[in-house]
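Input: a single structure, listed below in structure tokens.
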Amino acid sequence: MLVCALPLLPLLPAETGCGERSCDGRGGRDGDGGCADRAGGDGPGDDGSSDRRDDRDNRAGGAGRGDHGSSDGRDCSHARWQPHDILRLHRLPNRDAEPVWVRDAFLRAPFAVVRRAQPAPGFAVAVGIRGASRAQRYGAWVEESDIEFAMPPEALVAREPAPGRALLPAFSALAELRRAPCSLGQYVWGPAGSVGFELATGVPTATGSSDLDLLIRAPERLDHATAGRLLSELLAFAQRGGVRIDAQLETPSGGVALAELAAGKSHVMARANTGASLVTDPWASVMDGATTSATLALTLPTGT
């Protein structure tokens, strides 16, 4: 049985955090052989560390996410910005219709979360801005030059919250998942939602009633039995920790709820940048923008 235990790191300033993909030369980089290794739990010099990291990278969909940047290791490629990545921004373009709270929220935390939507003309990526309350969510778009660096959920696994925050149920459950034997250790995964946002930015965001949202990279097919075992383990962790764990699989067709796949339904909802669709097989081959072996039964508007 694999053990999903990772070394614990102190909360680092956003400009130097492990696993960041810098777009201006500042901050850590996944491709520099140091910080990204620590975020993944395999430090340089560990016996077999490169093999384990390569194996996880293969399950994440090929090469590691930080090796598609410029010659100095920076990663600014549009293709590498994926849903739930947290972007540090130099600026947020003004829009006439934006709510009044957006500017204050951006001054408090100059970060945005990549959302599942097509970028508007002239922009590089669709993002969401988080306000102080759950009701304050705003969809926007940013240009490539607005982005300082990006942090994927898997880069946040080993981060600890600020002192006094670790006792919140969602953070306690995340710490337990890092330490305990579980099937999750076979996958590349990380926290999303309010927990991920707080770990990335240092801004208190999670509350005592916050869910623990997890993103699990699943480029290869999970059968019903495997999904069921993983879900059962996570539900056991959730029950012990008194917190709801909501796990989403990142598949070639988009985000799919682990609970839906484990239920053995004939169709599952896959959320992609082009919208949400009911599909028979989230791992079906995609060619020329058309799914070749999945049945698209319903298309809904795009969202986060």
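The numbers here are math on the coordinates, done by the rules we state, and not lab data. Note that the structure is predicted; figures quoted are calculated from it, not measured. A quick note on method: Cβ atoms are made from the backbone with ideal geometry, for glycine too, and the neighbour counts reach across all protein chains shown.
Going by neighbour counts of Cβ atoms within 10 Å, the residues 84, 90 line up, fewest first, as 90, 84. Protection proxy ranking, highest mean first, for peptides 145-151, 226-232: 145-151, 226-232, where packing is the per-residue count of other beta-carbon atoms within 10 Å, averaged.
A simple packing score, the average count of other Cβ atoms within 10 Å per residue, orders the peptides 167-173, 214-220, 94-100, 118-124 as 214-220, 167-173, 118-124, 94-100, with the highest score first. Calculated on the Cα set of the range 78-151, radius of gyration then Dmax: 11.3, 32 Å. Could you compute how fast the range 152-246 diffuses translationally, taking Rh as the Kirkwood radius over C-alpha pairs and applying Stokes-Einstein at 37 °C with viscosity 0.692 mPa s? Give it in µm² per second. It comes out at roughly 243 µm²/s. Annotation: peptides 259-267, 193-201, ranked by per-residue average of other Cβ atoms within 10 Å with the highest first, follow the order 193-201, 259-267. Taken as Cα centroids, the range 232-252 and the range 139-178 sit 17 Å apart, rounded to the nearest whole angstrom.
Please work out the Kirkwood hydrodynamic radius for the range 218-259, using every pair of different C-alpha atoms, and report it in angstroms with one decimal place.
This gives a value of 10.9 Å.
Ordered by the number of other Cβ atoms lying within 10 Å of each residue's own Cβ, fewest first, 81, 283, 101 fall into the sequence 101, 283, 81.
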